[in-house]
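Q: Attaching a single structure in structure tokens format; questions to follow.
The values are calculated or read from the model by the stated rules, or taken from the named source; none is laboratory data. Just so you know, these numbers come straight off a predicted model, no measurement behind them. Every residue, glycine as well, gets a Cβ built from its backbone with ideal geometry; the counts of neighbours run over all protein chains shown. These accessible areas exclude ligands, DNA and RNA; they are computed on the full protein's heavy atoms, side chains included. Shrake-Rupley method; radii C 1.70, N 1.55, O 1.52, S 1.80 Å.
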Amino acid sequence: MFFWRSKFRKVAEQIAAGKLSEATALFLQSHLYEFNGGADLAGRLANHLMTRAQTKASADDFLTAWQDLNHAERLFDLANSACPPQLLRQRQQLLELAIESAAAHLNSGRPVQALRVIADLKRQRILDSRADQIESLANRIHQAELLAGQGQWANAKKLLEKVVAQRPDLAWVQSRNQALTQQTATAGGLKDQLQSALQESHWTAARQVSTQLLDISPHYQLAADALRRSLQRQQPPPKVDPPAAVEPALHDTSAGKLSDTDANLLRSAARTKMNRMMLWVDGVGGFLLCLDPQVILGRALPDAGVEIPIIGDLRRRHLRIARTGNDYLATALADVSVGGRMLAGPHLLQNNQQMTLGSTVAIKFRLPHPLSTSARLDVTSRHRTQPWSDAVILVADTIIMGPRNTSHIICPEMDSELIMCLGQNGWTARFGGNIEVDGQVCSNQAELTEHCHITGDGFSMTLETV
């Protein structure tokens, strides 16, 4: 009869533990504002949310900050209390911080991050001419990078030159434009060499030149097709014994000294934030999502700076896997064998192919769904990734979850498939029915944030950044 008292205690405990999102969800779902003392508890929870919003904004977590302020405003309303002036001031301060953060991302050559901050503003239905200008510039820069990656260098340069004309103060864009000019000249010469090699069926030269082109433009389809053809026409390299000298085990720090070049690469990688997320699926497992077209697998060390760290006897940077068009190319940076043969150059990965890194780390490469370019890596030996995961998803376009074996993530309790799509402005989910995202019910399709909880018929999962 007095169930609400236990709910009150639970909310109070969650507030004390700093679990404000859980406390808010429980307070609202249980309609505790309708009971005696509910107004006081709502005001207390709202004040804590405002404090956390300020902390999150200082850490550039604008999405959580906006959510906290929105929940605080709703709680004040349910408590029949006027919205305090402090909350209105925080909203304005959050707007200014978001604009400042988006501008900083733009100035540093991070257009995608700038677009994400602006997208959060637009979700709040905030109109600001500064945000519109940043969004326009970031879209042009991002589109130019996509075009350059596809080998459309002239079109990419035209877009960047428009940005330079509009904002000559953006030093990074000036530098990128100059670099693109040099890349265009280099790639033009390589393109001529590649066409000549293909006409004369010089497959070794074609492989070498196409690899150089893909280093410049990872999604250049002509080079990707040429590399595939050259790899298919060349005989596999002879089987050789692995070299006797291997990198020392994790506990051995007396050997394995890095060259100056390797050390510089490691320092650079350690400073770079990995574009990764974790997807936790209740009753199924945890999955590391890698969003970049190229990933490095290597030993799990604090300074390694690799996308897929593995706890095992590996080199710091052991294997590179790059997505080019619809294909995945594996390039050994240390000892890697496929089907018992050591890799001596770029290798076109096939579905269900087994790779061995070093002498013990076994990884299976899969392309589960015929309509998705995203791939799955399963560590089939006793080793594990860091952070721990059941599998790694190399995200190209979509992640398919469902009961079938062709799903990237098999969820036996689901009746139908859920498709997570990665677009320019983040994730969306499509599902044949209703799904709930952070307590909000959506029909058939929903936008997902970088920190959200999604539930539906037969599944419950959490998406978060690493």
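Q: Looking at I296, I308, I321, can you tell me which residue is at pLDDT 90 or above and in contact with an Asp or Glu (Cβ under 6 Å, 6 or more places away or on another chain)? Can you show your working first?
A: Details: I308 fails: in contact with an Asp or Glu (Cβ under 6 Å, 6 or more places away or on another chain); I321 fails: in contact with an Asp or Glu (Cβ under 6 Å, 6 or more places away or on another chain).
Step by step, each of I296, I308, I321 is checked, and only I296 is at pLDDT 90 or above and in contact with an Asp or Glu (Cβ under 6 Å, 6 or more places away or on another chain).
Q: Kindly check whether there is at least one residue in region 263-276 that is over 23 Å from A362 (Cβ atoms), at pLDDT 80 or above and surrounded by fewer than 21 Cβ atoms within 10 Å (Cβ to Cβ).
A: Checked against the condition, which is being over 23 Å from A362 (Cβ atoms), at pLDDT 80 or above and surrounded by fewer than 21 Cβ atoms within 10 Å (Cβ to Cβ), region 263-276 yields at least one hit.
Q: Of all the residues that make up region 117-143, how many are open to solvent by less than 20 Å² (accessible area, probe 1.4 Å) and over 20 Å from the mean Cα position of the chain (by Cα)?
A: Qualifying residue count, region 117-143: 4.
Q: Give the number of residues within region 288-319 that are among the β-branched types (V, I, T), open to solvent by less than 30 Å² (accessible area, probe 1.4 Å) and over 27 Å from G423 (Cα atoms).
A: Residues that pass the stated criteria total 1.
Q: Follow-up. Do you know which residues across region 69-86 are part of a helix (DSSP H, G or I) and touching a helix residue (DSSP H, G or I) at 6+ places or on another chain (Cβ under 6 Å)? Explain how you work it out, then say what you get.
A: Step one: of region 69-86, the residues part of a helix (DSSP H, G or I) are 69-78, 85-86.
Matches in region 69-86: L69, H71, A72, L75, F76, L78.
Q: Condition first: assigned to a helix (DSSP H, G or I), exposed (fewer than 15 other Cβ atoms within 10 Å of the Cβ), free of Cβ contacts under 8 Å to residues at least 40 places away in the same chain and charged (D, E, K, R). Can you find one or more residues in region 200-207 that meet it? Even if it seems obvious, please write down each step before you answer.
A: First, pick out the residues of region 200-207 that are assigned to a helix (DSSP H, G or I): 203-207.
Then keep just the ones that are exposed (fewer than 15 other Cβ atoms within 10 Å of the Cβ); that gives 204.
Next, from what is left, pick out any that are free of Cβ contacts under 8 Å to residues at least 40 places away in the same chain: 204.
Narrowing the set further to residues that are charged (D, E, K, R) leaves none.
So far as region 200-207 goes, no, none of its residues is assigned to a helix (DSSP H, G or I), exposed (fewer than 15 other Cβ atoms within 10 Å of the Cβ), free of Cβ contacts under 8 Å to residues at least 40 places away in the same chain and charged (D, E, K, R).
Q: May I ask you to list pairs of residues, at least six apart or on different chains, whose Cβ atoms are under 8 Å apart, with the first in region 427-439 being without any contact (Cβ under 8 Å) to a residue 24 or more places away in the chain and the second being among the charged types (D, E, K, R) and not in a loop (DSSP other than H, G, I, E, B)?
A: Close Cβ pairs satisfying both conditions: T428/E447; V437/E447.
Q: Being modelled with pLDDT of 75 or more and assigned to a loop (DSSP other than H, G, I, E, B) narrows it down to one of H219, H251, so name that one. I'd like the intermediate steps shown before the answer.
A: Details: H251 fails: modelled with pLDDT of 75 or more.
Answer to the selection: H219.
Q: Which ones in region 440-449 are more than 15 Å from I399 (Cα to Cα) and open to solvent by less than 70 Å² (accessible area, probe 1.4 Å)?
A: C442, T449 - these are the residues of region 440-449 that are more than 15 Å from I399 (Cα to Cα) and open to solvent by less than 70 Å² (accessible area, probe 1.4 Å).
Q: Would you mention how many residues in region 396-439 are of a type in the set (S, T, Y) and open to solvent by 50 Å² or more (accessible area, probe 1.4 Å)?
A: Residues flagged as of a type in the set (S, T, Y) and open to solvent by 50 Å² or more (accessible area, probe 1.4 Å) within region 396-439 amount to 1.
Q: Anything in region 367-387 that is open to solvent by less than 40 Å² (accessible area, probe 1.4 Å) and either of a type in the set (S, T, N, Q) or over 18 Å from L319 (Cα atoms) (or both)? List them, or say none.
A: Result: P368, H369, S372, T373, S374, S381, T385.
Q: Follow-up. Looking at region 444-466, I want the residues that are more than 20 Å from A119 (Cα to Cα) and at pLDDT below 85 and have a partner that is of a type in the set (F, W, Y) and surrounded by 15 or more Cβ atoms within 10 Å (Cβ to Cβ) with Cβ atoms under 8 Å, at least 6 apart or on another chain. Which pairs are those?
A: Hits for this filter: N444/F431; G456/F431.
Conditions tested, residue by residue: (1) out of contact with any Lys or Arg (no Cβ under 8 Å at 6 or more places or on another chain); (2) assigned to a loop (DSSP other than H, G, I, E, B); (3) among the small types (G, A, S).
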| residue | (1), (2), (3) |
| --- | --- |
| L94 | yes, no, no |
| R116 | yes, no, no |
| R125 | yes, yes, no |
| D132 | yes, no, no |
| L137 | no, no, no |
| E145 | yes, no, no |
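Q: Can you name the strands (runs of 3 or more DSSP E) wholly within region 385-466 that have at least 3 residues being within 30 Å of R320 (Cβ to Cβ) and out of contact with any helix residue (DSSP H, G or I) (no Cβ under 6 Å at 6 or more places or on another chain)? Let's see the steps before the verdict.
A: Values: elements: 391-394, 398-402, 418-423, 426-437, 440-448, 452-456, 459-465.
Where strands (runs of 3 or more DSSP E) fall fully within region 385-466 and carry at least 3 residues being within 30 Å of R320 (Cβ to Cβ) and out of contact with any helix residue (DSSP H, G or I) (no Cβ under 6 Å at 6 or more places or on another chain), they are 391-394, 398-402, 418-423, 426-437, 459-465.
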